[in-house]
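S.K.: Below is a structure I'd like to ask you about.
Please treat every number below as a calculation from the coordinates, not as lab data. Remember, it's a predicted structure, so these values are computed and weren't measured experimentally. Backbone-built Cβ (ideal geometry, glycine too); neighbour counts: all protein chains shown.
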Amino acid sequence: MGLLDGRKGLIFGVANERSIAWHIAQSLVAEGAICGFSHLPGEKMERRVRQTIERGGIKDPWLFPCDVSRDEDIAAVFEAAKRDFDTLSFVVHSVAFADKEYLKIGRFTDTPRHVFTQALDISAYTLIAMAQHARPLMTAGGSILALSYYGAEKVVPGYNVMGVAKAALEASARYLAAELGRYNIRVNTLSAGPCRTLSAMAVGGIDEMFEWVEKKSPLQRNINTEEVGKSAVYLISDLSSGVTGENLYVDAGYNTMGV
Ligand code: NAD
């Protein structure tokens with residue numbers, strides 16, 4: 001008996017085998033969940049995502065292209081999910097983007113308007129758009145989970161405009177939680193410590209972040225993406241049935257330290 005037997009949901013953000021979304025998906029599937037995957041449009045991307053998922057043991061996965069900066073793409077994924085899954089129990093938002101030119105230490109003040117708008121649109125607004133479409137499909141309640149980072153609340157040099165986007169994402173999750181609670185839909189964020197993924201490599205000073213976390217966190221090490229996956233099971237399943245509007249740190253305790 002799995003914690004998520006028969007539960008169906010959509011995962012946004014698998015790019016390759018390192019992606020946090022992929023590790024979350026594997027943990028959910030191990031508990032009996034059925035996952036549909038959305039990926040950036042393009043044949044090459046589809047092939048890479050399909051290979052990642054199939055190599056991970058999920059045969060013939062449900063895949064749908066979606067550029068989350070396009071309303072019509074988001075609407076199309078949820079229409080297809082309604083057609084093929086009928087209802088949904090969960091959505092995982094694991095997408096983010098900012099122009100890496102402005103993710104360099106000392107370049108926050110230079111952020112142009114279009115870079116700011118794009119980062120907040122793709123990394124934060126899209127959670128609201130997904131929740132809009134998910135709500136009517138979550139007929140028996142549901143859980144929506146988004147990935148955040150400590151740079152939302154404290155300055156992490158190099159994280160820059162992405163920190164502002166994560167602050168907007170966390171606030172959006174709380175507002176969504178307040179409005180969707182009446183439908184028994186929970187909305188939470190999971191604030192992960194640094195993990196070596198494609199997106200993380202775009203952040204200036206990332207190597208120092210890994211070293212710093214190892215030195216300063218209570219567990220004296222970095223986390224791994226499997227640990228994010230395990231905590232996602234908690235937030236998606238009924239283990240967290242009384243939890244909404246929360247931000248759960250999976251960061252080896254780093255956020256608790258004052259030095
Ligand atoms: P990743 O590069 O594997 O995943 C990011 C995903 O965003 C990719 O699948 C990419 O295709 C997708 N994406 C970007 N723009 C998109 C668009 N316009 N339309 C559709 N998809 C788009 O990296 P990751 O580290 O797994 O990132 C997943 C989430 O975790 C992000 O929200 C990231 O900010 C967050 N996070 C990462 C870390 C870390 O250290 N890696 C730490 C905390 C939070």
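S.K.: Magnitude of the Cβ-charge dipole of region 8-252, K/R +1 and D/E -1, about the Cα centre, nearest 20 debye?
M.R.: 160
S.K.: Oh, and also: Output the Cα-based Rg and Dmax of the chain in Å, rounding Rg to one decimal and Dmax to a whole number.
M.R.: 17.3, 53
S.K.: Quick one: check the C-alpha center-to-center distance for region 39-63 versus region 138-216, whole angstrom.
M.R.: With region 39-63 and region 138-216 each reduced to a Cα centre, they are spaced 25 Å.
S.K.: Using amide H atoms built in the peptide plane, which far-off residues or other-chain residues are under 5 Å from residue 246 H to H?
M.R.: 189
S.K.: How much length would be gained if the chain were fully extended between residue 47 and residue 241, taking 0.36 nm per residue of separation minus their Cα-Cα distance, in nm to one decimal?
M.R.: 66.2 nm
S.K.: Under a Cβ-only charge scheme (Lys and Arg +1, Asp and Glu -1), can you give me the dipole magnitude of region 1-54 about the Cα centre, in debye to the nearest 20?
M.R.: I would put it at about 140 debye.
S.K.: So which of 104/216; 100/230; 59/166; 59/100; 59/82 end up more than 26 Å apart by C-alpha?
M.R.: In this structure, 100/230; 59/166; 59/100 lie more than 26 Å apart at Cα.
S.K.: Can I ask one more? Can you list the HN-Hα couplings for region 2-15, worked out from phi with the Karplus curve (6.51, -1.76, 1.60; θ = phi - 60°), rounded to whole Hz and with x for Gly and Pro?
M.R.: With the stated coefficients, region 2-15 comes to x, 5, 10, 3, x, 7, 10, x, 10, 10, 9, x, 7, 10 Hz.
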